[in-house]
Amino acid sequence: MINLLWLLMLLGGLVAAGLGGSGETITQISIEGAQAAANLALELIGVMALWLGIMKIAEESGLIFLLARALRPLMGFLFPEIPPEHPALGAIIMNLSANILGLGNAATPFGLKAMMEELQSLNLHPEEATPAMCTFLALNISCLTLVPATIMGIRAAAGSSQPGGIIGPTIMATGLSMVTAILADKLFRRWGGRGRWVS
C-alpha cells in the first residue's frame, strides 16, 4: 500500500511538472537529490562500519554481556519479558548508548539488530509487535541525549558562534520525553495485558 502511495505521488508530481512546464527543473532536482543521497550514504558508511566493528569487538570480548548484567535491574524493569541473558538486551543497550551520545546514525544498525533479529526471535506471532518491541521503539524515539553531536556539527557547519549552546535544552527536553515515554509505556502495559512471548 505504501509503495502504491509513493508511486501515485511521484507520478502526480511528474504530471504536474509537465503540465506546468517545469520538466527541466524536475530533472535537475532529481539529479541533485541522487548526488546528495549518494554523498550521505558514503559519509554514513564510515560511521556505521566503525560502530558495527566496536559492537562486534564488544560482543566477542564479553563487554556487552557485562554491561547487560550491570544494567539488568533497569532492563528488567523496562523489558520484563526478555530473559536476563538474551542478546536482545545487549543490542538494546548499544542502541540506547549511541542515542544518548547523539550518534543517531550509529544507533540505527543496533536498533535494527535489536528489533528485527533479537526481539523478533522471542515473538510467537511475527505479524504482531510485542510489548518489548513497543517499549524499545518508544525509548528509541524519545531517548535522552547528553551530547547532541550531530546537531552540534550541523550548527557548526551553518556558522553558529555557539554550536554547543543547545546541550542544556537538549538534555532537558529529551530527559522529559524519555520519562514520559517510560510512564506511558507502563500505563499501556497495565491496560493492554502481558502480550504473547516465548516462555
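List of remarks:
- Cβ-based charge dipole, the chain, positive-most Cα from Thr108, Pro80, Trp6: Pro80
- By the beta-carbon count within 10 Å of each Cβ, the least crowded to most crowded order of Thr27, Thr145, Thr170, fewest first, is Thr27, Thr170, Thr145.
- Comparing Gln28, Gln120, Gln162 in a Gaussian network model of the chain, where Cα atoms under 10 Å apart are tied by springs, the biggest mean-square fluctuation is seen for Gln28.
- For the chain, the relative contact order comes to 17 percent (Cα pairs under 8 Å, sequence separation of at least 6).
- Note on Leu11 and Ala173: with the Förster distance fixed at 45 Å, the Cβ-Cβ geometry gives a FRET efficiency of about 0.70.
- Ranked Ser121, Ser97, criterion: other C-beta atoms within 10 Å, fewest first: Ser121, Ser97
- Taking other C-beta atoms within 10 Å as the exposure proxy, Met115, Met1 rank Met1, Met115 from fewest upward.
- Its DSSP H runs of at least 4 residues, each contributing -39,500 (n - 2.57), put the calculated 222 nm mean residue ellipticity of the chain at -24000 deg cm²/dmol, to the nearest 500.
- Vicinal HN-Hα couplings computed from phi for the stretch 79-93 (Karplus, 6.51 cos²θ - 1.76 cosθ + 1.60; Hz; Gly/Pro x): 10, x, 7, 7, x, x, 9, 6, x, 4, 5, x, 5, 5, 4
- The GluC sites (Glu not before Pro) of the stretch 80-126 that DSSP puts in a loop, and whose beta carbon has at most 14 other beta carbons within 10 Å, are Glu85.
Just so you know, all these numbers are worked out from the coordinates, no wet-lab data involved. In this text the structure is predicted, and so the values were computed from the model without any measurement. Heads up, the Cβs are rebuilt from the backbone with ideal geometry, glycines too, and the neighbour counts pull from every protein chain shown.
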